[in-house]
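See below for the structure under consideration.
The values are calculated or read from the model by the stated rules, or taken from the named source; none is laboratory data. All figures in this text were calculated on a predicted structure; none of them were measured in a lab. FYI the Cβ positions are ideal-geometry reconstructions off the backbone, even for glycines, and counts take in every protein chain you see. Calculation scope for accessible area: heavy atoms of the full protein, side chains included, ligands and nucleic acids excluded. Shrake-Rupley method; radii C 1.70, N 1.55, O 1.52, S 1.80 Å.
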Number of protein chains: 2
Amino acid sequence: MDDQTIGLILAISSSLFIGSSFIIKKKGLKKAGARGVSAGSGGHSYLTEPMWWAGMFTMIFGEVANFAAYAFAPAVLVTPLGALSIIVSAILAHRMLNEKLSVFGWLGCCLCIVGSTVIVLHAPEERPITSVHEVWELAKQPGFMLYASGVVFFSLALAVYVAPIHGNTQILVFVGICSLVGSLSVMSVKTLGIALKLTFDGDNQLLYPETGYCVLVVVASVITQMNYLNKALDVFNTAIVSPIYYVLFTCATIVASGILFKDFQNQKWAEVLSEVCGFITILAGVFLLHATKDDCSSSSNFPKRTPRGMELP
Amino acid sequence: MDDQTIGLILAISSSLFIGSSFIIKKKGLKKAGARGVSAGSGGHSYLTEPMWWAGMFTMIFGEVANFAAYAFAPAVLVTPLGALSIIVSAILAHRMLNEKLSVFGWLGCCLCIVGSTVIVLHAPEERPITSVHEVWELAKQPGFMLYASGVVFFSLALAVYVAPIHGNTQILVFVGICSLVGSLSVMSVKTLGIALKLTFDGDNQLLYPETGYCVLVVVASVITQMNYLNKALDVFNTAIVSPIYYVLFTCATIVASGILFKDFQNQKWAEVLSEVCGFITILAGVFLLHATKDDCSSSSNFPKRTPRGMELP
């Protein structure tokens with residue numbers, strides 16, 4: 001089996017795990033709520049509910065699979081497939097939680113699958129990387145330096161100057177910060193994934209200082225991203241945050257990966273255009289699913305969480 | 001410019017003409033209605049209205065372009081692009097007739113364009129045909145003979161046995177007949193188009209008896225198709241007939257063309273799957289446009305017509 005296929009299988013199973021984890025956790029929350037104070041009202045009885053922990057571990061398992069997927073396949077393939085977890089969770093909610101999907105909801109699911117298929121069919125091959133040092137050299141090229149410093153500068157400007165004034169009224173402020181920083185998270189997480197993969201293959205990458213720098217970038221960017229995502233979810237409705245975050249986060253990641261790993265260098269324009277079409281189809285599906293579903297029917301009584309389908313690696 | 005590109009340009013301009021013809025005709029009907037009895041109430045004053053005639057000629061021009069498109073590009077490319085006329089007419093109605101599109105309507109338009117792009121990017125190349133006799137030989141192969149006799153048998157059974165009992169309650173009866181027969185119309189119209197193209201190129205095909213048989217098939221199948229389409233539109237709502245007819249007609253045509261001209265023989269499975277995805281995306285768009293638009297806002301006061309976007313060649 002080639003790396004691309006392994007990455008694809010990991011990405012799809014990651015979406016299956018993450019999508020179902022929300023339903024398992026919600027079932028756990030309901031069970032816990034039946035026994036004591038519900039989580040929405042500030043109770044913590046779900047912490048003694050095995051079902052909730054089962055959901056939590058399913059989610060962690062899914063995140064690990066997602067992390068591993070980035071080591072095998074390009075981000076251009078893995079990130080958009082995150083949308084599949086949305087439909088897994090919507091279909092499971094329909095069957096198991098009696099949160100009925102409308103005909104538009106089903107259409108949205110269908111579009112997510114169709115768009116994902118188009119992306120999978122035309123995604124670029126993963127560039128063969130043989131060391132963390134190689135990624136570091138790629139990152140030092142002017143294109144990516146410009147992108148990365150642009151992201152840092154723009155995010156800082158948003159966080160320091162714009163957020164205090166407009167953060168609570170303009171959804172794009174918080175979501176923009178976590179999408180931009182998120183693209184750096186994915187790049188560094190992917191590099192770390194490649195480092196681990198190479199190490200497991202017998203080529204120890206953990207001795208190099210670049211791996212250490214990479215860990216620092218992962219920690220800093222993931223914490224920043226989670227922090228602003230929680231702020232966004234705090235102020236705005238999940239049903240609005242989710243699709244906007246999915247769009248911005250996926251776009252930023254595709255741009256970052258395209259610059260850093262030169263994903264599109266050897267692609268024909270017809271393939272790149274097909275990927276764009278596949279991505280737009282997924283967006284339409286995500287929009288339909290969210291626009292035609294009232295927020296309370298999703299697992300919104302679960303405290304602070306990453307919106308479904310756009311989990312961090 | 002190669003034949004495929006000429007066919008594509010003809011197919012797209014055909015959709016532009018047909019799509020705008022509905023708006024021009026409707027403007028004409030409104031003008032005529034302001035002067036006398038409206039068409040919906042049985043008046044015929046629109047026949048003296050130049051604007052209505054302008055719309056009529058735009059439509060005929062579009063149909064001729066559609067006919068010509070079939071001579072240059074495979075039906076697998078030309079037929080699905082008929083959906084573009086739906087969005088042309090929806091967008092023009094939004095701008096010129098003040099029939100506002102909802103956000104779902106815009107999403108539907110967007111999906112039609114995205115799906116069409118995917119189909120255009122992956123459509124098979126037109127098989128080079130050098131004579132009508134060659135098409136005749138292709139049609140005599142067992143696969144197509146089986147398909148054509150199946151269509152005739154099944155349509156006759158539907159028309160003679162099923163239609164009298166279920167025709168007015170089951171929409172699939174009338175629409176099924178005209179979709180099946182419609183696939184034969186397209187095949188014969190395409191053959192006639194190729195014959196005319198070859199004749200204009202100096203290789204006279206009009207002397208061969210096969211061209212004559214072909215004209216007979218065109219006349220018989222187009223009359224049958226129009227007859228049952230009118231029956232369907234008579235009994236059922238245009239907003240329901242249109243998308244179902246588009247789906248069935250396009251599917252039947254793709255199957256017929258795939259068997260007769262062996263469109264998919266030299267295609268990779270990834271390309272065929274991309275085309276299927278593009279087609280599903282268009283279907284979703286057509287469904288969204290129709291499901292979120294009340295019928296009276298379309299040009300439904302216009303007497304008997306082919307539904308928008310699925311005009312006969």
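Counting only protein chains, not ligands or nucleic acids, how are B:47, A:207, B:121 ordered by accessible area (probe 1.4 Å), most first?
A:207, B:47, B:121
Over the Cα atoms of region B:1-153, what is the Rg over Rh ratio if Rh follows Kirkwood?
We get a ratio of 1.09 for region B:1-153.
I'd like the residues of region B:235-278 whose 1.4 Å-probe accessible area shrinks by no less than 50 Å² going from the isolated chain to the full set of protein chains.
B:277
Under a 1.4 angstrom probe, counting protein chains only, how are A:52, B:53 ranked by accessible area, largest first?
Ranking A:52, B:53 by accessible area, largest first, yields B:53, A:52.
Using θ = phi - 60° and the Karplus form 6.51 cos²θ - 1.76 cosθ + 1.60, what ³J(HN,Hα) does each residue of region A:259-276 get, whole Hz, x for Gly and Pro?
In residue order, the calculated couplings are 6, 6, 9, 6, 4, 9, 4, 9, 8, 6, 5, 5, 6, 4, 5, 4, 4, 4 Hz.
Collect residues whose amide H, placed 1.01 Å from N in the peptide plane, falls under 5 Å from the amide H of residue B:99; neighbours closer than 5 in sequence don't count.
Counting only residues 5 or more places away or on other chains, the set is B:94.
Counting only Cα atoms, I'd like the Rg/Rh figure for region B:128-262, Kirkwood definition for Rh.
Result for region B:128-262 is an Rg/Rh of 1.03.
Using the Karplus curve 6.51 cos²θ - 1.76 cosθ + 1.60 with θ = phi - 60°, work out ³J(HN,Hα) for each residue of region A:3-17 in order, rounded to whole Hz, and write x for Gly and Pro.
Whole-Hz 3J(HN,Hα) from phi for region A:3-17: 4, 4, 5, 4, x, 5, 4, 4, 5, 5, 5, 4, 5, 4, 5.
Quick one: helix B:50-72 against the long Cα principal axis of chain B, what's the angle to the nearest 10°, folded into 0 to 90?
20
At a Cα cut-off below 18 Å, give the lysines reachable from residue B:27, other chains included and same-chain residues fewer than 8 away excluded.
The reachable lysines, counting only those whose Cα sits under 18 Å from residue B:27, are B:100, B:304.
Can you tell me the relative contact order of region B:128-262? Whole percent, Cα pairs under 8 Å, sequence separation 6 or more. Write down the numbers at each step before the final one.
Numbers: 133 pairs, mean separation 49.2, N = 135.
Dividing the mean separation by the residue count of region B:128-262 yields 36 percent.
For the protein assembly as shown, what does the equivalent ellipsoid look like in terms of its semi-axes, each the square root of 5 times an eigenvalue of the Cα gyration tensor, given largest first in whole Å?
Working through the eigenvalues yields semi-axes of 51, 30, 23 Å.
Quick one: if you take sqrt(5λ) for each eigenvalue of the C-alpha gyration tensor of chain A, what semi-axes come out, biggest first, whole angstrom?
31, 22, 21
Net charge around residue A:125, counting only other residues with Cβ within less than 12 Å of its Cβ (Lys, Arg = +1; Asp, Glu = -1)? Each step should come with its number before you reach the end.
Numbers: positive: A:127, A:262; negative: A:2, A:3, A:126, A:263, A:271.
Neighbourhood net charge equals -3.
Using Cα positions and a limit of under 20 Å, work out the aspartates and glutamates in reach of residue A:26, with same-chain residues fewer than 8 apart set aside.
A:49, A:63, A:99, A:234, A:294, A:295, A:311
In whole percent, how big is the carbon plus sulfur part of the accessible area of the protein assembly as shown, probe 1.4 Å, protein atoms only?
Here carbon and sulfur together make up 69 percent of the probe-accessible area.
Rounded to the nearest 500, what is chain B's calculated 222 nm mean residue ellipticity when only DSSP H runs of at least 4 contribute -39500 (n - 2.57) each, over all residues?
Using -39500 (n - 2.57) per qualifying helix, the result is -24500 deg cm²/dmol.
Karplus couplings for region B:78-92 from phi (6.51 cos²θ - 1.76 cosθ + 1.60, θ = phi - 60°), rounded to Hz, Gly and Pro as x?
Each residue of region B:78-92 in turn: 6, 4, x, 5, x, 4, 4, 5, 4, 6, 4, 5, 5, 6, 5 Hz.
Shielding by partners for B:212-219, please: the mean number of other protein chain Cβ atoms within 10 Å of each residue's Cβ.
Per residue, the number of nearby Cβ atoms from other chains is 0 on average.
Across peptide B:285-292, what mean number of C-beta atoms from other chains lies inside 10 Å of a residue's C-beta?
If you average over the peptide's residues, the count of other-chain Cβ atoms is 2.
Within 10 Å of each Cβ in peptide A:102-111, how many partner chain Cβ atoms are there on average? Round it to a whole number, please.
The shielding value for this peptide is 3.
Compute for chains A and B the buried accessible surface, both sides summed, probe 1.4 Å, and express it in Å² to the nearest 100.
1700
What angle do you read, to the nearest 10 degrees and between 0 and 90, between the alpha-carbon axis of helix B:209-235 and the longest principal axis of chain B?
Helix B:209-235 sits roughly 30 degrees off the main axis of chain B.
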